Amino acid sequence: MSAQIFHDGEADRAYRARFWLGRGAVYAVLIFWAIICLFPIYWTATTSFKMAPNVMKGNMIPWVDYDPSWIGWKSLGLSPDTIGAESTVRAEFLKRFANSAITALVSSTLAVVLGSLAAYGLSRFSYRFAWMKNDDIGFFFLSQLILPPVVLALPFLVLYKELALLDSRIGLILLYTLTVLPIVVWIMRDQFASIPTELEEAALVDGLSIWGAFLTIILPIALPGMVAAFILSLVLTWNEYFFAALLTSTHANTLPVMVASQTGSQGISWWSMAALSFAAILPLIVIGVVLERYIIKGMAAGAVK
Amino acid sequence: MSGDLLHVVTNDDISDGRRRFGRFIIWGSAAVLAAVAAAQSAQLAGWTDFGFSNWRPTLYAYVLWSICVCWAQVLIRGEQGKRVLFVLPAALFVVSLTVFPLLFGLVIAFSDWNLSSPNGRQFNGLDNLRQMWSDPFYWNALLNMVWYVIAILVEYAIAFGLALALNAQIRARKFFRVAFLLPLMLSPVAVSWMIGKSMLELRFGPISRFLRWLGWENPSFFGDPVTAKITIMLMDAWTYIPFMMIMILAGLQAIPKELNEAAKVDGATGWKSFWEVTFPLMLPVSITAILIRIIFKLKLADVVINVTSGGPGGATDTVTSFIFREYRDRSNVGYGTLLAMVYLVLIVIFMTVLMKLSARWTRPQT
């Protein structure tokens with residue numbers, strides 16, 4: 001190679017340097033924050049494989065610092081050598097897991113169905129219930145978001161006791177549906193507002209009823225928004241702790257309640273707590289990684305008008 | 001109906017018989033509901049015994065009535081009724097699950113009701129209110145909420161910075177987005193063990209180790225009130241910063257590129273173009289994000305209940321966690337409900353003022 005003949009001017013080189021400096025700073029910030037976000041998850045996952053001395057020495061990297069063993073998962077009955085055997089802990093864990101899954105799935109579905117219908121109606125027709133017009137009805141739905149759970153908790157405790165709904169999945173499902181409904185209405189109202197009404201008009205001219213047009217024409221178009229709303233509801237209901245802690249005791253406990261009841265006792269072994277916590281968050285990590293697009297879409301709805 | 005976005009002309013041909021049937025099922029089911037409720041009340045009062053073991057029959061009658069009301073809309077009003085059917089189920093659901101319990105809560109709030117005592121509910125007038133007035137822990141919890149809400153400003157600044165970094169031209173954007181989103185997905189209870197109990201553990205926790213390595217001799221996160229509060233704030237921020245970040249990121253992506261380019265042509269440096277172009281354009285999104293964040297923050301409880309249970313000396317208590325403990329320790333429903341009701345009133349006033357103010361700020365300035 002011969003010597004370079006053409007050089008950047010002095011001013012350009014300074015600019016390049018600044019550009020790379022800024023670039024480096026952006027990446028530094030991003031990587032720093034990524035570590036902050038991911039390290040606790042990494043720590044929990046690895047701790048579930050650590051024996052007591054490894055925990056105390058603060059070893060971090062498996063196979064380098066310490067030899068991973070299935071110790072945490074064995075205590076849950078989920079390690080390779082215990083998976084075939086009987087395990088009361090595993091039975092307990094699976095029961096809680098099933099409770100969480102059922103309540104979260106059913107209440108999210110219910111909320112998406114009720115919320116989408118309401119949002120569609122509000123975006124297409126004008127209503128008048130007593131003194132309330134469309135905007136008031138919409139605000140009524142959204143205002144439920146402000147209602148703190150603690151206000152409803154104790155009245156519901158008493159009501160459920162009278163209705164024999166205490167410690168039942170149905171009771172939790174009803175409350176969870178209520179808490180995520182405003183979010184669904186919020187996302188879906190945005191979604192329907194962006195669909196032109198000409199579509200239904202054409203369908204109505206072709207002889208479909210309102211409900212037929214809604215079900216066959218509009219729903220497929222609004223599906224991505226519904227998925228976004230569904231997943232957001234799923235995340236919120238899966239993680240809900242407050243109502244579950246108050247309203248359930250033995251049968252309908254969800255996973256967060258189980259995790260919390262284990263943290264309360266002192267001297268709990270770290271590896272089994274880590275395994276339990278990790279098992280509780282794993283489904284959501286999977287959802288977060290796979291369906292990230294929808295979650296972001298759902299949260300961005302309404303942010304940008 | 002005028003004002004519909006969707007104009008439909010339909011000729012409804014509803015016979016008188018159908019109308020009558022519609023009215024009949026509404027009133028019929030209402031009568032059933034009233035009869036069942038009356039029978040149950042009678043049993044409660046001890047007049048007769050129908051053998052009810054709980055209030056389920058009334059609940060079923062109520063559900064039946066709700067279904068009949070929805071169905072009758074179509075029967076009586078035809079096409080118009082089918083439209084009402086979009087909103088009515090959700091509205092009925094919300095009304096029956098919030099308005100009724102709230103009214104019931106008002107009754108409880110003014111009574112002395114220990115669920116484990118055999119006396120049952122006793123109306124005690126304003127005693128609860130008086131007790132609240134002289135309950136330093138409740139006021140302390142309210143004050144803490146103020147601090148927690150103020151911390152949102154810091155969270156907002158961090159979230160904005162991260163959103164800007166994500167919006168820059170970078171590689172592996174998807175990886176960073178997923179990584180930044182993950183904390184939001186984790187259950188606060190698991191987080192309170194993962195971070196609050198294990199990573200912040202004083203002897204073995206990696207964070208304490210790291211801080212010791214940095215030179216802090218005896219890191220204690222929940223020892224004194226101020227650090228404890230800050231630690232809780234940090235943990236809560238860790239979970240919810242992604243939420244604000246994503247809303248702000250969506251706002252940033254909606255800003256047309258031309259605006260920043262124009263600013264650059266006009267000679268604005270990066271800093272200046274941020275403050276004079278990007279930030280003002282982001283104001284509406286920012287305010288929405290902060291308002292929603294405040295709403296979520298006012299419900300903060302899980303982390304506090306599981307990590308500190310309000311300690312040390314109530315320094316980290318939120319209103320929700322305080323009422324939760326109040327109920328757990330004394331199982332007195334009445335006092336707890338009153339505290340919650342007062343909290344609700346305060347929140348509604350606060351949020352209304354805040355929304356009015358923000359509407360004024362974001363109004364286009366001429």
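Rundown of residues vs (1) at the interface with another protein chain (Cβ under 10 Å from one of its Cβ atoms); (2) out of contact with any Lys or Arg (no Cβ under 8 Å at 6 or more places or on another chain); (3) surrounded by 18 or more Cβ atoms within 10 Å (Cβ to Cβ), yes/no style:
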residue: B:GLN169; (1), (2), (3): yes, yes, no
residue: B:ILE195; (1), (2), (3): yes, yes, yes
residue: B:LEU214; (1), (2), (3): no, yes, no
residue: B:ILE232; (1), (2), (3): no, yes, yes
residue: B:ILE241; (1), (2), (3): yes, yes, yes
residue: B:TRP275; (1), (2), (3): no, yes, no
residue: B:THR278; (1), (2), (3): no, yes, yes
Query raised in the report: If you check B:PRO188 against the conditions, is it without any contact (Cβ under 8 Å) to a residue 40 or more places away in the chain and either under 22 Å from B:ALA228 (Cα atoms) or assigned by TED's automatic domain parsing to the domain that holds B:ASN306 (or both)?
Result: no
Requested in this report: With the condition kept exactly as written, say whether any residue in region B:273-290 is in a helix (DSSP H, G or I), small (Gly, Ala, Ser) and either closer than 30 Å to B:VAL348 by Cβ or not assigned by TED's automatic domain parsing to the domain that holds B:LEU153 (or both).
Outcome: yes
Report summary line: Counted residues in region B:70-83 being under 23 Å from A:PRO182 (Cα atoms) and more than 7 Å from chain A (Cβ to nearest Cβ) come to 1
Report task. May I ask you to list the residues in region A:126-139 that are modelled with pLDDT of 85 or more and buried (at least 19 other Cβ atoms within 10 Å of the Cβ)? Result -> A:ILE137, A:GLY138
Report summary line: Of those in region B:171-190 that are facing another protein chain (nearest Cβ under 7 Å), more than 23 Å from A:TYR241 (Cβ to Cβ) and not aliphatic (A, V, I, L, M), the residue farthest from the chain's Cα centre (by Cα) is B:PHE176
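Taking the criterion of being touching a residue at least 60 places away in the same chain (Cβ under 8 Å), part of a helix (DSSP H, G or I) and in contact with a helix residue (DSSP H, G or I) (Cβ under 8 Å, 6 or more places away or on another chain), would at least one residue in region A:55-64 satisfy it?
Yes: region A:55-64 contains one or more residues that are touching a residue at least 60 places away in the same chain (Cβ under 8 Å), part of a helix (DSSP H, G or I) and in contact with a helix residue (DSSP H, G or I) (Cβ under 8 Å, 6 or more places away or on another chain).
Looking only at region A:90-101, decide whether some residue is in a loop (DSSP other than H, G, I, E, B) and away from chain B (no Cβ under 14 Å).
Within region A:90-101, not a single residue is in a loop (DSSP other than H, G, I, E, B) and away from chain B (no Cβ under 14 Å).
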**Report entry** Per-region count, region A:193-207, residues within 11 Å of another protein chain (Cβ to nearest Cβ) and part of a helix (DSSP H, G or I)
**Finding:** 8
Report summary line: Taking region B:221-243 and keeping residues assigned to a helix (DSSP H, G or I) and of a type in the set (Phe, Trp, Tyr) leaves B:TRP238, B:TYR240, B:PHE243
Query raised in the report: Among (1) of a type in the set (Lys, Arg); (2) over 30 Å from B:GLU326 (Cβ atoms); (3) assigned to a helix (DSSP H, G or I), where does B:ARG130 come up short?
Result: (2)
Query raised in the report: Do we have B:ASN306 as at the interface with another protein chain (Cβ under 10 Å from one of its Cβ atoms), part of a helix (DSSP H, G or I) and in contact with a Ser or Thr (Cβ under 7 Å, 6 or more places away or on another chain) here?
Result: yes
Query raised in the report: Which of the residues that make up region A:154-192 are more than 25 Å from the chain's Cα centre (by Cα), facing chain B (nearest Cβ under 9 Å) and not β-branched (Val, Ile, Thr)?
Result: A:LEU154, A:PRO155, A:LEU157, A:LEU159, A:LYS161, A:GLU162, A:LEU163, A:ALA164, A:LEU165
Query raised in the report: Quick check, is A:TYR120 more than 8 Å from chain B (Cβ to nearest Cβ), buried (at least 18 other Cβ atoms within 10 Å of the Cβ), out of contact with any strand residue (DSSP E or B) (no Cβ under 9 Å at 6 or more places or on another chain) and in contact (Cβ under 8 Å) with a residue 12 or more places away in the chain?
Result: no
Query raised in the report: Any idea which of (1) farther than 30 Å from A:ILE146 by Cβ; (2) small (Gly, Ala, Ser); (3) surrounded by fewer than 24 Cβ atoms within 10 Å (Cβ to Cβ) is the one A:ALA274 doesn't satisfy?
Result: (3)
Query raised in the report: Taking interchain pairs and intrachain pairs at least six residues apart, which have beta carbon atoms under 8 angstrom, with the first residue in region B:269-283 and within 16 Å of B:GLY251 (Cβ to Cβ) and the second of a type in the set (Phe, Trp, Tyr)?
Result: B:MET282/B:PHE160; B:LEU283/B:TRP361
Report task. Give the residues of region B:250-273 that are modelled with pLDDT of 80 or more and either touching a Gly at 6+ places or on another chain (Cβ under 6 Å) or within 14 Å of chain A (Cβ to nearest Cβ) (or both), sorted by residue number. Result -> B:ALA250, B:GLY251, B:LEU252, B:GLN253, B:ALA254, B:ILE255, B:PRO256, B:LYS264, B:TRP271, B:SER273
**Report entry** Failed criterion for A:ALA45 (all others in (1) touching a helix residue (DSSP H, G or I) at 6+ places or on another chain (Cβ under 8 Å); (2) exposed (fewer than 15 other Cβ atoms within 10 Å of the Cβ); (3) closer than 15 Å to B:GLY205 by Cα hold)
**Finding:** (2)
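The values are calculated or read from the model by the stated rules, or taken from the named source; none is laboratory data. Everything numeric in this text was worked out from a predicted model, so none of it was measured. Counting neighbours? That spans all protein chains shown, and the Cβs are built from the backbone with ideal geometry, glycine included.
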